[in-house]
Amino acid sequence: MNSFNQNIALDTAEIILDIKRDDLLHPHISGNKFRKLKYNLEQAKQLNYNTLLTFGGAFSNHIAAVAAAGKEYGFQTIGVIRGDELYSQIANNPTLSFAFSYGMQFEFVTREIYQKKESTEFISFLHQKWGDFYLIPEGGTNALAIQGTQEILTSEDAHYDYVCCAVGTGGTISGLIRSAFSHQKILGFPALKGDFLTNEICKFAPAGNWELISGYEFDGYAKVTATLIEFMNDFYQKTQVPLDPIYTAKMVFGVMDLISKGYFEKGAQILMIHTGGLQGIHGMNQVLLQKKLPLITTHV
Ligand SMILES: *Cc1c(COP(=O)(O)O)cnc(C)c1O
């Protein structure tokens, strides 16, 4: 499959709004997670590793992506999962059962241990238990990941004035910042609250023509409201573009809100990056059902 830029028709002709369908990059390795894994997989192969180990929560797009990539590129995969109660719930959890079906083995840990997952103590415990492995950090962000996310923008995207993306660990926006053309401005929409993100991004990308726009976190990471779900469903009806509830829906909501408030100048050309994440819809719908909130109707 290939990613392409799809136009989003707006009521106003004064602004051009497109979305890069990086969600279509690969059927099972979601958009930016594919980008972030690409050079890590090459490195792991070159260094003769047979096993990848990484970390994530019960609905993690990254966990699903690593499991699928491991299967496709010939690695064993181990997922260290936050929440030891999930041990008995693999079958009921769409992300974990997907990863399991792609051969991932799990190490379930309590939230307390998960917080210390990068300590030398815990890593050496993992080595004792699982042997040698190539370690990929939570969310997949490291220097090689940014080499991959630098490939999202191409020379065909040079005419855009703004490039907008969702921000989790900052790996995606860092690649966009590094590969942007000098006249372009990169706007990041954090999916979680906290002011640590700017520092994270500065580890990998120069200061300059980029900005984080807060206020569209919808109460925080993986939290959603009826307004957000209704927005996603409506957006899908109008454009046939399915959004994910944790990242891209919040970013697109933010961009639409900024447009309606006159943030962008007349004639502005805006590119939103669809970073994928659609595998999380099934799990989110289970949560929404329990909370008696509206369900996401864009099926994938
Ligand atoms: C992980 C993820 C992000 C966040 O990317 P970072 O590189 O961690 O900032 C954005 N969108 C989707 C769909 C994701 O799965």
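Every read-out reported here was derived from the displayed coordinates using simple, explicitly stated rules and does not represent laboratory data. No experiment lies behind these values; they were computed from the predicted model shown. Every residue, glycine as well, gets a Cβ built from its backbone with ideal geometry; the counts of neighbours run over all protein chains shown.
Of note:
- Label zone (residue 292, point 7 Å along Cα-to-C-beta; backbone nitrogen cut-off 19 Å) within the range 200-227: 224-227.
- Counting DSSP beta bridges with both ends in the chain, the antiparallel % (nearest 5): 10 percent
- With the simple spin-label model, which puts each label point 7 Å out from Cα in the Cβ direction, the residue 143 to residue 217 separation comes to 3.0 nm.
- Both radii were evaluated on the Cα set of the range 1-64; the Rg over Rh quotient, with Rh as the Kirkwood radius, amounts to 1.17.
- Ordering 164, 202 from the fewest to the most neighbouring beta carbons within 10 Å gives 202, 164.
- Under the Karplus curve 6.51 cos²θ - 1.76 cosθ + 1.60, θ = phi - 60°, whole-Hz ³J(HN,Hα) for the range 148-162, x wherever Gly or Pro sits: x, 6, 5, 8, 5, 7, 10, 4, 5, 9, 5, 7, 6, 8, 10
- Residue 24/residue 48 FRET efficiency (R0 41 Å; Cβ-Cβ; nearest 0.05): 0.80
- Counting other Cβ atoms within 10 Å as a rough exposure proxy, the listed residues 62, 183, 28 run 183, 28, 62 from fewest neighbours to most.
- Applying a DSSP loop filter and a limit of 12 other Cβ atoms within 10 Å to the chymotrypsin sites (Phe, Trp or Tyr not before Pro) in the range 181-273 leaves 196.
- Using the Cβ-Cβ distance between residue 263 and residue 115 with R0 set to 45 Å, the FRET efficiency works out to roughly 0.75.
- √(5λ) per eigenvalue of the Cα gyration tensor, the range 192-300, largest first, Å: 26, 18, 13
- Computed extension gain for residue 227 through residue 239, at 0.36 nm per residue and net of the alpha carbon distance, reaches 2.5 nm.
- Measure of compaction for the chain (Cα Rg per 2.2 N^0.38 Å): 0.98
- Panel order for 284, 272, by other beta carbons found within 10 Å of each beta carbon, from fewest to most: 284, 272.
- Normalised per residue, the volume of the convex hull around the Cα set of the range 10-169 (Å³): 145 Å³
- Remark on residue 105: its backbone amide H falls under 5 Å from those of 77, 78, 79, a criterion applied only to residues 5 or more positions apart or on other chains, H modelled at 1.01 Å from N.
- GluC sites (Glu not before Pro) restricted to the range 111-219 and DSSP loop, no more than 10 other C-beta within 10 Å: none
- Rounded to the nearest 500, the 222 nm mean residue ellipticity of the chain from helices alone is -11500 deg cm²/dmol, with -39,500 (n - 2.57) taken per DSSP H run of at least 4 residues.
- Annotation note: trypsin sites (Lys or Arg not before Pro) in the range 159-266 located in DSSP loop regions with a Cβ neighbour count of at most 11 within 10 Å are 261, 266.
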